[in-house]
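Everything on this sheet refers to the single structure shown next.
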Amino acid sequence: MNEEYDVIVLGTGLTECILSGIMSVNGKKVLHMDRNPYYGGESASITPLEDLYKRFKIPGAPPASMGRGRDWNVDLIPKFLMANGQLVKMLLFTEVTRYLDFKVTEGSFVYKGGKIYKVPSTEAEALASSLMGLFEKRRFRKFLVYVANFDENDPRTFEGIDPKKTSMREVYKKFDLGQDVIDFTGHALALYRTDDYLDQPCCETINRIKLYSESLARYGKSPYLYPLYGLGELPQGFARLSAIYGGTYMLNKPIEEIIMQNGKVIGVKSEGEIARCKQLICDPSYVKDRVEKVGQVIRVICILSHPIKNTNDANSCQIIIPQNQVNRKSDIYVCMISSAHNVAAQGKYIAIASTTVETKEPEKEIRPALELLEPIEQKFVSISDLLVPKDLGTESQIFISRTYDATTHFETTCDDIKDIYKRMMGSEFDFEEMKRKKNDIYGEE
């Protein structure tokens, strides 16, 4: 360990593992350490079930009705992958997909007036949906056609809208869409957590709806994918990639000190030894004095013995409760997966509800989601701080990831990865560039 590295990475969360994979492919010498004996950090999948009970300090062993403990892989942070999104691109370009198997999630649902409805995202579904009246459907269909044809580089597709100036609120007005439709378009299709986007230029929102529709078009049932055996497989896939390119991994390594000189990082001390480095990547738990709290997320892991009502008995789905429907500022999400994904014992379902905390009673805030899941066999509640770095790391060369937010997909995590990459390397992260480098090593495919 007493060697010189280009980059040392602390923590094996998804963000850290993807960055160490990318750095290794880019020819950097990488040392990756984690104080825990398992991969994944905050975004680990816990197995066997007994370990989940211990982690949440639930007394006694899981009841026999839960089946075999080792049939369970329970994600601490629930997220799906958008089929056409950034993480899938990273997986494909780095060929990490060879280590993983994915299944399409069976449906996406949205909450309105206490009930849940399937999210319409194609013209045919929009026309058949009971979420809207007849005239509303026609207007919504027109809007979807507009979005599908929209190309920010081709002014002929703008129809009088300026993508850099016109606000999304004005676009909705132009198509005469009502409040309910605006709610599910912004929150269930564009996947915004709050309504702040309404007064921003519309280009970003239209592109988000396009991403949703294109992801949906790939597999038909829903735009979301989920890996068999749980999300803990993702960091491990990138860890393998890093190892192929000469990265060194060490789990179970207590980090004693980050060594600085003239305000810059020069190494990390663990078990009396010092590894030297030029740059350091880590999650907030390794540098508590360099991050600040910007909020909290509550997550409730629920074990059920039944599919969720009104979801056509789906073995996996996402439910979005738009904030307007429950008088909140931010949405509530539910991710549900089951034994079909090798993450639970036969006939069992795992539903994880999450939201950004807004009051002093977070458990009360999340109740609308839990009511959709009743009866719940066992629940595990966690409230985590949302931490962000205090500075960009340019001076210290310490690059800190953000804590995982309440969203149910990885787009915000990928933005953080690209942002850290840019701060470290001084250039934008380019998928194509990475692909070329890989071809150089493997020879032409």
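Looking across GLU374, GLU361, GLU365, one residue alone is surrounded by 18 or more Cβ atoms within 10 Å (Cβ to Cβ) and acidic (Asp, Glu). It is GLU365. The residues of segment 112-144 that are open to solvent by less than 30 Å² (accessible area, probe 1.4 Å) and under 29 Å from ALA351 (Cα atoms), listed by number, are ILE116, VAL119, PRO120, SER121, ALA126, SER129, LEU131, MET132.
Among the conditions (1) open to solvent by 60 Å² or more (accessible area, probe 1.4 Å); (2) of a type in the set (Phe, Trp, Tyr); (3) modelled with pLDDT of 95 or more, TYR39 misses just one, which is (3).
With respect to the conditions (1) surrounded by 22 or more Cβ atoms within 10 Å (Cβ to Cβ); (2) of a type in the set (Ser, Thr, Tyr); (3) more than 21 Å from SER213 (Cα to Cα), THR166 falls short on a single one, namely (1). Inclusion of PHE184 among residues that are hydrophobic (A, V, I, L, M, F, W, C), buried (at least 21 other Cβ atoms within 10 Å of the Cβ), touching a strand residue (DSSP E or B) at 6+ places or on another chain (Cβ under 7 Å) and not assigned by the TED database to the domain that holds ILE332 is warranted. Looking at segment 273-306 only, could you name the residues that are hydroxyl-bearing (Ser, Thr, Tyr) and open to solvent by 50 Å² or more (accessible area, probe 1.4 Å)? Listed by number, the list holds a single entry, SER305. Could you list, in sequence order, the residues of segment 65-108 that are open to solvent by less than 40 Å² (accessible area, probe 1.4 Å), under 24 Å from SER339 (Cα atoms) and not hydrophobic (A, V, I, L, M, F, W, C)? If the condition is that a residue be open to solvent by less than 40 Å² (accessible area, probe 1.4 Å), under 24 Å from SER339 (Cα atoms) and not hydrophobic (A, V, I, L, M, F, W, C), then GLY69, ASN73, ASP75, PRO78, LYS79, THR105, GLY107, SER108 are the ones that fit. Here ILE383 meets each of (1) buried (at least 19 other Cβ atoms within 10 Å of the Cβ); (2) in a strand (DSSP E or B) with one exception, condition (1).
Looking at LYS112, LYS142, LYS164, just one residue is at pLDDT 90 or above, in contact with a strand residue (DSSP E or B) (Cβ under 6 Å, 6 or more places away or on another chain) and basic (Lys, Arg), and that residue is LYS164.
Whether a residue is assigned to a loop (DSSP other than H, G, I, E, B) and buried (at least 20 other Cβ atoms within 10 Å of the Cβ) was assessed, and SER354 does not pass this test.
Look at (1) over 22 Å from the mean Cα position of the chain (by Cα); (2) modelled with pLDDT of 95 or more; (3) outside the structural domain of LYS89 (by the TED database) and you find that PRO375 fails only one, number (3).
Conditions tested, residue by residue: (1) at pLDDT below 95; (2) under 22 Å from the mean Cα position of the chain (by Cα).
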| site | (1), (2) |
| --- | --- |
| THR355 | no, yes |
| ARG367 | no, no |
| PHE380 | no, yes |
| VAL388 | no, yes |
| SER396 | no, no |
| THR408 | yes, yes |
| GLU411 | yes, yes |
| GLU428 | yes, yes |
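For segment 245-259, which residues satisfy the criterion of being open to solvent by 70 Å² or more (accessible area, probe 1.4 Å), in contact (Cβ under 8 Å) with a residue 24 or more places away in the chain and at negative phi? Scanning segment 245-259 gives no hits.
Only one of the listed residues (VAL181, VAL147) is over 25 Å from VAL326 (Cβ atoms), among the hydrophobic types (A, V, I, L, M, F, W, C) and not in a loop (DSSP other than H, G, I, E, B). That residue is VAL147.
For the residues LEU211, LEU189, the requirement of being touching a strand residue (DSSP E or B) at 6+ places or on another chain (Cβ under 8 Å) and either under 25 Å from LEU100 (Cβ atoms) or open to solvent by less than 10 Å² (accessible area, probe 1.4 Å) (or both) singles out LEU211. Within segment 1-30, the residues that satisfy the criterion of being outside any helix (DSSP H, G or I), open to solvent by less than 10 Å² (accessible area, probe 1.4 Å) and in contact with a helix residue (DSSP H, G or I) (Cβ under 9 Å, 6 or more places away or on another chain) are VAL7, VAL9, LEU10, GLY11, THR12, GLY13, VAL30.
The values are calculated or read from the model by the stated rules, or taken from the named source; none is laboratory data. All figures in this text were calculated on a predicted structure; none of them were measured in a lab. Positions of Cβ are backbone-derived with ideal geometry, glycine not excepted, and every protein chain shown enters the neighbour counts. Ligands, DNA and RNA are stripped out before the accessible areas are found, and what is left, the full protein with its side chains, is counted by its heavy atoms. Shrake-Rupley method; radii C 1.70, N 1.55, O 1.52, S 1.80 Å.
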